[in-house]
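Below you'll find the structure, written out as structure tokens, and then a few comments.
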Amino acid sequence: MNRKFKVGDHVRWNSEAGHVSGHIMKVHTRDVTYKGHIRHCSEDDPQYEIKSDKTDHVAMHKGSALSRIPS
């Protein structure tokens, strides 16, 4: 099951450094070049640009890697 999120949602994901949380800044539904690599995206399987709550780092993840944090 694909999880769907929208801009502004507060989410968390697991990284090499542990769990990270942030807010979704953009939803990609078409293939996009991100940090020098092509990320494959579609309407059915979007990828999300997320800005970390603690740093200015921006990451991109599929919905399956994310969990919504209740407001």
Simple label model, 7 Å out from Cα along Cβ direction - residue 35 to residue 10, nm: 2.4 nm
Show which aspartates and glutamates lie in cross-link reach of residue 51 when reach means a straight Cα distance below 12 angstrom and same-chain residues fewer than eight apart are skipped. 9
What list of ³J(HN,Hα) values in whole Hz, one per residue of the range 43-60 in order, does the Karplus curve 6.51 cos²θ - 1.76 cosθ + 1.60 (θ = phi - 60°) give from phi, with Gly and Pro shown as x? 4, 7, 9, x, 10, 10, 8, 10, 9, 4, 5, 8, 9, 8, 4, 10, 10, 10
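How much net charge surrounds residue 23 when only other residues with a Cβ under 13 Å from its Cβ are counted (Lys, Arg +1; Asp, Glu -1)?
+2
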Diagonalise the Cα gyration tensor of the chain and give the resulting equivalent ellipsoid semi-axes, square root of 5 times each eigenvalue, largest first, whole Å. 18, 15, 11
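Coordinate-derived values only; no laboratory data. All values derive from a computational prediction rather than experimental measurement. Cβ sites come from the backbone with ideal geometry, for glycine too, and all protein chains shown count toward neighbours.
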